[in-house]
Amino acid sequence: MLILHKNNNINGLMDADAIIIGAGACGLMCAVQAGFLGKKVILLEKGAQPGAKILISGGGRCNYTNLFASDEQFISGNKHFMKSAFTQWTVEDTVNFFETYGITGKEKTLGQLFPDNKNAKDVVEVFTSLCRDMDQQIRCGAEVTDISATGEGYVVSYTKGGKSVQLLSNKVVVTTGGLPIPKMGATDFALRLARKLGLKLVETAPALVPLTITGKDEEWYARLSGNTVFCEVSNDQISFEENLLFTHWGLSGPSILQISSYWRKGETINIDLLPGQNISEILEQERSHQGKNLLSTLFNRFYTRKFTEAMSKFLPVEKPVADLTKAEMDLIHNTIHLFKVKPAGDKGYDKAEVMRGGIDTNELSSKTMECKKMPGLYFGGECVDVTGWLGGYNFQWAWASGYVIAQVL
Ligand SMILES: Cc1cc2nc3c(=O)[nH]c(=O)nc-3n(C[C@H](O)[C@H](O)[C@H](O)COP(=O)(O)OP(=O)(O)OC[C@H]3O[C@@H](n4cnc5c(N)ncnc54)[C@H](O)[C@@H]3O)c2cc1C
């Protein structure tokens, strides 16, 4: 039961079982699933419309899940934490849910599922029309400024149209997302609230983010801007085999976004520019058959001309393969298979797809996402210390955590 304390001219008093803060992927799924169980919620959304990040996701096409999603593609202080949610709400559940409401999936690469002949707008529409049908209220332009515990429940304070409103509820769900894309209205509300309540936080940082190169190498990278190379990027924790994109300020593309979530400032990244092949063997073959060919001719089979040209900074690309010395052959091997890059930094929250870190999972029940110290208060989605790889994993976490919270509202 909710009591409107002041300004009941805003939307009128309404009975509801819970307040959800943030109408993004997690909050919307939570509202809809709660509705299926006959529970009424009020969704408070700061932005002018719900699902703003869904709308821009996957280049407007929304990579809404990944067929291979499991707990293994997530970074968290507790790598087992997401298992319960992923058992309660599986990838199959995501696929079936969207199919039921007219969105069939089409796999792009590496299990990434996108709507077939539809787009992100249709994904948001699934939620908004279900909320409409089930009378789940979405109040847009409502920015929550505080939540405080009283003997009667939680007081949620928000402003809408310049007026302040307070609602009281026994159950409050915080799904206000992470820090990426501040110009879209991302806030640190969940983190601020957690600090105020004395909950532990895992240090946050931009993740799935391009990396920058500065200093003497900057120009070399900038000259390659727009070129891609299929490669394997790795550090001492993990490796990813995907495209790398050179940009004016450094490195991007899926392989770099993936490794960025595991990268810390000051660390070096290893790049294998010819994964799955052995350049030394290829050179030996070339020497015995077409030794007059220049190294650049051979490189052009694998790389763009521009990239081959740029490699002349490190390698004798204009030398015939047959004339390469043993030392040059070794240099080529090491440069191609163990190219080392020390990024200066990352492009920050303006360009990051997700936030790493967040509310420490030790503070939450993995089964219900309820805060152990604050019964009736739940956190879901990106504000929790669960960060997925690129490729639909983060939405799978948002849907799954929203679903499990809904089961207990
Ligand atoms: C450019 C881009 C592309 C992406 N593409 C993909 C993709 O294709 N696949 C994938 O899996 N993931 C993708 N992601 C990541 C994905 O969008 C997020 O992981 C996901 O949206 C997180 O869901 P959430 O509900 O936790 O947060 P959000 O979807 O960010 O929702 C949080 C909501 O809370 C609202 N809010 C914040 N503070 C307040 C407040 N104080 N009061 C009221 N409301 C508040 C915000 O306005 C927002 O609507 C992408 C991210 C970006 C930035």
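Over all alpha-carbon pairs in the chain, figure out the percentage whose distance exceeds 41 Å. Tail fraction, whole percent: 26.
Dipole orientation for the chain: of the candidates Ser70, Thr204, Asn227, Thr204 has the Cα lying most toward the positive pole (charges on Cβ; Lys, Arg +1; Asp, Glu -1).
Take every Cα pair under 8 Å whose residues are at least 6 apart in sequence, average their separation, divide by the length of the chain, and the relative contact order is 24 percent.
Let me know the charge dipole size of the range 210-347 about its Cα centre in debye, to the nearest 20, where only the beta-carbon of Lys, Arg (+1) and Asp, Glu (-1) is charged.
Numbers: 15 positive and 18 negative charges, 73 e Å.
Roughly 340 debye for the range 210-347.
Axis angle, to the nearest 10 degrees, between helix 326-337 and the longest C-alpha principal axis of the chain: 20 degrees. In this structure the chain gives 43 Å² per residue of accessible area when probed at 1.4 Å with all protein chains present.
Rounded to the nearest whole Hz, the Karplus-based 3J(HN,Hα) values (6.51 cos²θ - 1.76 cosθ + 1.60, θ = phi - 60°) of the range 377-386 follow the sequence 10, 10, 10, x, x, 5, 5, 8, 6, 9, with x at glycine and proline.
Which FRET efficiency value, to the nearest 0.05, do you get for Glu99 and His248 by plugging their Cβ-Cβ distance into 1/(1 + (r/R0)^6) with R0 = 41 Å? Don't jump to the answer; show the numbers that get you there.
On the way: r = 42 Å, r/R0 = 1.02.
Efficiency for this residue pair is about 0.45.
Given the peptides 165-177, 334-346, 92-104, 214-226, arrange them by the average over their residues of other C-beta atoms within 10 Å, most packed first.
Values: 165-177: 24.4, 334-346: 16.9, 92-104: 15.2, 214-226: 13.2.
Ranked by mean Cβ neighbours within 10 Å, highest first: 165-177, 334-346, 92-104, 214-226.
Pairs Lys39/Lys183; Lys53/Lys372; Lys171/Lys372: which are spaced more than 24 Å apart, C-alpha to C-alpha? Can you show the working numbers first?
On the way: Lys39/Lys183 33 Å; Lys53/Lys372 29 Å; Lys171/Lys372 13 Å.
Lys39/Lys183; Lys53/Lys372, as the Cα separations exceed 24 Å there.
Determine the calculated [θ] at 222 nm for the chain from helices alone, applying -39500 (n - 2.57) to every DSSP H run no shorter than 4 residues and normalising by the residue count; nearest 500 deg cm²/dmol.
On the way: 13 runs with 117 residues, N = 409.
Rounded to the nearest 500, it is -8000 deg cm²/dmol.
With a threshold of 29 Å on the Cα-Cα distance, the over-threshold entries among Lys106/Lys342; Lys40/Lys373; Lys196/Lys342; Lys108/Lys313; Lys160/Lys196; Lys46/Lys79 are Lys106/Lys342; Lys196/Lys342; Lys108/Lys313; Lys46/Lys79. Simple point charges give the picture: +1 on the Cβ of Lys and Arg, -1 on the Cβ of Asp and Glu, and for the range 47-144 a dipole about the Cα centre of about 300 debye.
The values are calculated or read from the model by the stated rules, or taken from the named source; none is laboratory data. In this text the structure is predicted, and so the values were computed from the model without any measurement. Using ideal geometry, Cβ is built from the backbone for each residue, glycine included, and neighbour counts are taken over all protein chains shown. Please note that ligands, DNA and RNA were not included when accessible areas were found on the heavy atoms of the full protein model with its side chains. Shrake-Rupley method; radii C 1.70, N 1.55, O 1.52, S 1.80 Å.
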